[in-house]
Every structure is written in structure tokens, then in C-alpha cells.
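Take a look at the structure set out below.
The values are calculated or read from the model by the stated rules, or taken from the named source; none is laboratory data. Just so we're clear, the structure is a prediction, and the values are computed from it rather than from any experiment. Here the Cβ is made from the backbone with ideal geometry for all residues, glycine too, and neighbour counts use every protein chain on show. What goes into the accessible areas is simple: the full protein's heavy atoms, side chains included, and nothing from ligands, DNA or RNA. Shrake-Rupley method; radii C 1.70, N 1.55, O 1.52, S 1.80 Å.
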Amino acid sequence: MKLMTRPELKKQATKIRQHVWQMIYTAQSGHPAGSLGVTDILTTLYFTPILKYQAKNPQWPERDYFLLSNGHVCPALYATLAEAGFFSKSKLNTLRQLNSPLQGHPHVGSLPGVENTSGPLGQGLSQAVGVALGLKTDKKINHVFVLTSDGEHQEGQTWEAYMFAAKYALNNLTVIIDRNLVQIDGKTEEVMPLERLKLKLASFRWRVLETDGHDFKDLIDKLQKAKASQRPSVIIAHTIPGKGVSFIENDYRWHGKVPHEAEYYEGLEELMGKTQ
Amino acid sequence: MPIRDTIGQTILELSRQDKRIVVLTADLAGSLRVDSFQKTYPDRFFDAGVAEQNMAGVAAGLALYGKTPFILSFAVFNPGLNLSMIRTIAYSNLNVKIVGGHAGLSNAGDGATHQALEDIAIMRSLPNMTVLSPADDAQARWAIKQAVKINGPVYIRSTRLDTPTLKHAQEFKLGQPEPVDAKSKIQNNKIEVLIFSTGPIINTAIQVAKTLNQQKIATRAINLHTLKPINTDAIKQLITQTQKLVVTIEDHQIAAGLGGLVAEISAEITTSRAPLLRIGVKDSFGQSARSAEKLYEAYGLDQASIVKQILEVYSNASS
């Protein structure tokens, strides 16, 4: 794979955002804010050499694993996988339709490149821990990345998994937290405060890194550091929910809202403008 | 031998050959009898601490990677505390083997919080799940071997008490009802009372059948070691051959458990059929007692109470 320059990565991410916006509008349901917010993280993983994979051989035993925990942002994962060549982009417009492999929340086995089922929040980190534990037991060097939301850090199971990974010293595991500060009912710090998140994570004996979730240079740097770490690492990625469609950015009401027609075209125009 | 002992031993034995097997518990290695596995294979044993949700989630990940994880805890917690994670395992059709220990009222001392009376109902409602409920050590051994053979999630109901070994006349087959009174000379077309049971309480069911036969009521006892999948045609055939009364006996809620299962199948029979009497725990929680015997008596699950309940309905059905 030819290395992408930063402007090329930015362009790639915008293409994914265009898909996401169209997919959710076509489906007339879905989660635009989180999906647009994590797009730069997914782009960095799949369009730089950080995540080892073979799109045409998704079960390649030497691959790195990417697991998604906050399954509701799957439009971004599906669009990224399609852009990366795991399956045809023509499938993207079947999101949330009857018999589509693009379920409203991801289902393992339905779609090449989807490594785990997610949707019930708080379950993804445990699954990633299990994959990392299996690899470590067999002395394999594959790395496991898992993307989580900040809201799902209110689930107790997430912290059970942090404890477990520290006990078994799973340095082949990197957690990325989409720290967008919002959840369905409002701001995370009002619904159920997570701060001081960094201290909490560090006290669970994890290496904690922080990044701007939209700065490719910073993302690459922190993901590389985490991958090479001797301890399990967690990256708090500060993101803007709805990133790329300015009128929905940072507005928690867009967690699970579908744009109406005028909004859709306004957003699409903004996203199209960015690739011209 | 207690079923839990056989389960621990069998997992250990199979693990010598099958390197995919790994074991997880939530701080109950001794109670679930996998402490010997822990000693023999420390690199394949993982104690999740008192965290059943994560235990199930880690098992899901291990299965995604290609391992065959067993997760063991008390049946009230596993499934129960981790039901949502087990549901995701079932939806993903992952190769996770779930052992729910100390099930039913037989776990007398601990009281209602620790007496799983709804685990069969929960697990048999999940697509992709196989549900096994062994009645003795031979069936427990078979259940663990089946679980490893099946590529998908399996629930095995385990119990704590010493359990007599039954005389089995035939091989166990997944989903097939097993007559446990093989010596019975009753012809199928002469059955008056048909008893279905599952798990170690089958021993009470066999004694009940013996008592009824002594009273010239032609009775057969059938063990259902598999509750899902189940050969519904075979169950329907047994029911339609029964003249007076079909009975279910279980150490579990009658709602959606064995009684519920037989009721569902029976209701689909379009010809005339015998009525159904469901004996088990009836929409109440358990409680503490000095012994399982005392508890079974209190809940109408001892031999004498069961015979009495059957005779009452039987005489009404006969008149």
C-alpha cells in the first residue's frame, strides 16, 4: 500500500463521511454524530500501516484485529471497510434494510471485516480482551485495537475488562475512547460524569495517552506509541461529534437523529465541497 | 458422584487432546471443580474475579480468536448477571460453553439468591443455544463431550449434590428422550401416566413411577437430558400414546422450564391427548433449609407429595 499523505488521508476521511451521511439518510435511521466523529480515527487505522490487514483475506491469521464496541457508529466502520476494499461500496446503501449484511448494529459473520458483534454498550472491551488473551496465550504478535465510546464507560463491564487486561498484562491491546462528551440524553458530564477519566484509567494500571481525534499526525503518533507499548494502552481521543457537517457538530441531539431533506442536502453540499 | 465433579474431570481429560480448550471462572474454581484444571494447565486457566459479565465477554473474544472457552459460575449468575453478554454470544454463534452450577433447590443452605430456578427458561429462549441438563455422572460426561463437539454456544446445567448413577439402556443422543425405566414391561400403547423429568430429580421421578406401577397404574418415566434442541415428534408420539395423564417433574420454575416446554409441544397436538400436570416450583422463590430433602418437601417435590398430586389429578382424569 502506498503511504497516504495527510491531505490524502483527509480526503479519504471526507469520502467516508459522505457515505455515512448518505447511508443514514437512505436508511432513514442511524447515528450520524458519533459516526462522523470517529471517521478520522478509522481512517488512520485502515489507511496507514498501523492496522495490518488483507481486505481480500479478512481471516488472514497474521492480521491485527479491530473491534468496535460502540456498535451504533457502524455506518463509519462499514464505509471504511468498503473504501478499504473488504466488500463492494454498492452494499452501503442497504444499511438497515431487510436481509442486508449491514445490520443497524454490527453482527460478526454477516460482513467481511466485521470482527465482533456490538450494540449493547460495554461489551466490546471484554471481547477485545479475550482476543488479545488468546493471541498472547499462543505467543502471537498480532495487535488488537478496540474503539469505545465515552458514554459506555458508565457500564461496569468496561471497568471489569480494564482490571482483567491489567492483571494479564495485555500489552497487545489498545483501547481508543471516542471522547466526544455527549451521549443520548445530553452531555456526559451531566448525565453521569466520567471525569477525572485519565486518572481513573491510570489507576487501573493502564498507559494513558491523549490525542486530538481529528489530527492525523497526532493520531498516527499515539497509535504507534500504543502499539509498541509494554503495557496495555488506552488513548483518549478528543473528538467533535458530527465532525464535518458544521450545523450538527457538538449537538447531542444528533446522536440518533436523521436529517430531513433540506438538512441532508445542506450537509452533503458541505461534505462534497471538501473533496473538490 | 456429584455432577459438578464429573464436569470438572471431563473438561480436564478432554483438554489433554484438545488444546483449544481454556477455562474461566469468576472466583469459583473450587466450587465448580476446575481447581485441578487450574493446577494442571495454569496457562489455560483465567480467573476473572467476581465479574461474570467480563468473564463471558472475554470468553466471547477467546472464541472469536479460535479457542473453546468454558465459563463456570453458579447458575444464578451465569446466566443471570451476564445474560446480555450471553445473548450476544448466542447471536454471534460463538463457541462458548457455559456451565451454570449449584442449580435448583438442591443448593439448600444458600437460600433463594443462590438457587437458580429460571436458568432453563432463559437459556432455551436463546437462538443458537444448546441446553443440556445431565441427570448423573454418565450424562455429565456425555454433556461435556457433546459441548466440545458442537460448534456454537452450549449451556450445561450443573448441580452440587452427590447423585446416584442411573442404569442406562441406550446411548444418549442429542435431543432424544431417554426412557429410564428400561426394564418396564409396559407396552407403549398401554401407558396411563407418562412422566418427563430432567436433571438429578429424575431419581424421584423413577421412584414415583415405581410406586404408581405398584398401584397398577401403568407409568413410564422419560429423561430429557437435552432441552434444546429437542425431537418434538418423539415427544408428541409419547404424549399421544398416553391414556390418562402426562406429568413433568423439575427442580426449576414450571413456567417456561421443562413443564413449559412439554406444554408447548403438547398444545400443538391436533388429536385428542391426555392432560398435563406440571410439578416443580410454582412462581415462587426458594429459601434456606438444613437439607435439600427438607426443601423438596416444603415445595411439594418429594416422592410422597408428587405421588399424591398425581393421584388427585389421575382420579379426576379417570372419572
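Residue under question is B:Asn93, and the condition is that it be in contact with a Gly (Cβ under 8 Å, 6 or more places away or on another chain) and open to solvent by 40 Å² or more (accessible area, probe 1.4 Å); does it hold?
yes
For the stretch A:112-150, enumerate the residues that are basic (Lys, Arg) and facing chain B (nearest Cβ under 7 Å).
none
Can you give me the number of residues within the stretch B:129-149 that are open to solvent by less than 10 Å² (accessible area, probe 1.4 Å) and among the hydroxyl-bearing types (Ser, Thr, Tyr)? Show your work before the answer.
Here is the first cut: in the stretch B:129-149, the ones open to solvent by less than 10 Å² (accessible area, probe 1.4 Å) are B:129, B:131-136, B:139-140, B:143-144, B:147.
Next cut, among the hydroxyl-bearing types (Ser, Thr, Tyr) only: B:133.
So the count comes out to 1.
Is it the case that the stretch A:2-20 has a residue that's closer than 15 Å to A:Leu219 by Cβ, small (Gly, Ala, Ser), open to solvent by less than 30 Å² (accessible area, probe 1.4 Å) and out of contact with any helix residue (DSSP H, G or I) (no Cβ under 7 Å at 6 or more places or on another chain)?
Within the stretch A:2-20, not a single residue is closer than 15 Å to A:Leu219 by Cβ, small (Gly, Ala, Ser), open to solvent by less than 30 Å² (accessible area, probe 1.4 Å) and out of contact with any helix residue (DSSP H, G or I) (no Cβ under 7 Å at 6 or more places or on another chain).
Is there any pair linking a residue in the stretch A:142-164 that is at pLDDT 95 or above to one that is aromatic (Phe, Trp, Tyr) and part of a strand (DSSP E or B), with Cβ under 6 Å and at least six apart or on different chains, and which?
A:Val144/A:Tyr65; A:Phe145/A:Phe66
Conditions first: (1) open to solvent by less than 10 Å² (accessible area, probe 1.4 Å); (2) closer than 23 Å to A:Gly113 by Cβ. A:Asp138 passes all but one, so which condition is the exception?
Unmet for A:Asp138, out of (1) open to solvent by less than 10 Å² (accessible area, probe 1.4 Å); (2) closer than 23 Å to A:Gly113 by Cβ: (1).
So that you can scan it fast, the table gives a plain yes or no per residue for (1) in contact with a Phe, Trp or Tyr (Cβ under 7 Å, 6 or more places away or on another chain); (2) more than 27 Å from B:Ser284 (Cα to Cα):
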residue	(1), (2)
B:Thr10	no, yes
B:Lys19	no, yes
B:Pro42	no, yes
B:Gly57	no, yes
B:Asn78	no, no
B:Ile86	no, no
B:Ser92	no, yes
B:His102	yes, no
B:Ser106	no, no
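Taking B:Asn82 as meeting all but one of (1) at the interface with chain A (Cβ under 10 Å from one of its Cβ atoms); (2) open to solvent by 10 Å² or more (accessible area, probe 1.4 Å), write down the number of the exception.
Going through (1) at the interface with chain A (Cβ under 10 Å from one of its Cβ atoms); (2) open to solvent by 10 Å² or more (accessible area, probe 1.4 Å) one by one, B:Asn82 breaks only (2).
Against the condition open to solvent by less than 10 Å² (accessible area, probe 1.4 Å), in contact with a Phe, Trp or Tyr (Cβ under 6 Å, 6 or more places away or on another chain) and either within 19 Å of A:Val108 (Cβ to Cβ) or within 13 Å of chain A (Cβ to nearest Cβ) (or both), how does B:Val23 come out, does it pass?
So B:Val23 passes the test.
Within the stretch B:122-143, how many residues are in contact with a strand residue (DSSP E or B) (Cβ under 6 Å, 6 or more places away or on another chain) and small (Gly, Ala, Ser)?
The number of residues fulfilling the criteria is 3.
Residues of the stretch B:219-237 being surrounded by fewer than 17 Cβ atoms within 10 Å (Cβ to Cβ) and either farther than 28 Å from B:Thr270 by Cα or in contact with a Leu (Cβ under 8 Å, 6 or more places away or on another chain) (or both), which ones?
B:Pro229
Looking at B:Arg157, B:Arg220 in this structure, which one is of a type outside the set (A, V, I, L, M, F, W, C) and under 20 Å from B:Val99 (Cβ atoms)?
Just a single option satisfies the conditions, and that option is B:Arg157.
Take the stretch B:36-66 and flag every residue that is open to solvent by 20 Å² or more (accessible area, probe 1.4 Å), charged (D, E, K, R) and within 11 Å of chain A (Cβ to nearest Cβ).
B:Asp43, B:Arg44, B:Asp47
For a quick check of your reading: which helices (runs of 4 or more DSSP H) sit entirely within the stretch A:151-243 and have at least 3 residues that are within 14 Å of chain B (Cβ to nearest Cβ)?
Per the criteria, A:156-167.
Looking at A:Ala55, A:Ala76, A:Ala84, can you tell me which residue is modelled with pLDDT of 95 or more and surrounded by 21 or more Cβ atoms within 10 Å (Cβ to Cβ)?
The match here is A:Ala76.
Just checking, does the stretch B:202-218 include any residue being open to solvent by 50 Å² or more (accessible area, probe 1.4 Å), of a type in the set (D, E, K, R) and more than 13 Å from B:Arg124 (Cβ to Cβ)? Before the answer, list the steps.
We begin by selecting, within the stretch B:202-218, every residue open to solvent by 50 Å² or more (accessible area, probe 1.4 Å); these are B:207, B:210, B:213-216.
Checking the rest, the ones that are also of a type in the set (D, E, K, R) come to B:210, B:216.
Imposing the further condition that a residue be more than 13 Å from B:Arg124 (Cβ to Cβ) reduces the set to B:210, B:216.
Yes, because at least one residue in the stretch B:202-218 is open to solvent by 50 Å² or more (accessible area, probe 1.4 Å), of a type in the set (D, E, K, R) and more than 13 Å from B:Arg124 (Cβ to Cβ).
What is the number of the single condition among (1) open to solvent by less than 10 Å² (accessible area, probe 1.4 Å); (2) in contact (Cβ under 8 Å) with a residue 40 or more places away in the chain that A:Tyr46 does not meet?
(2)
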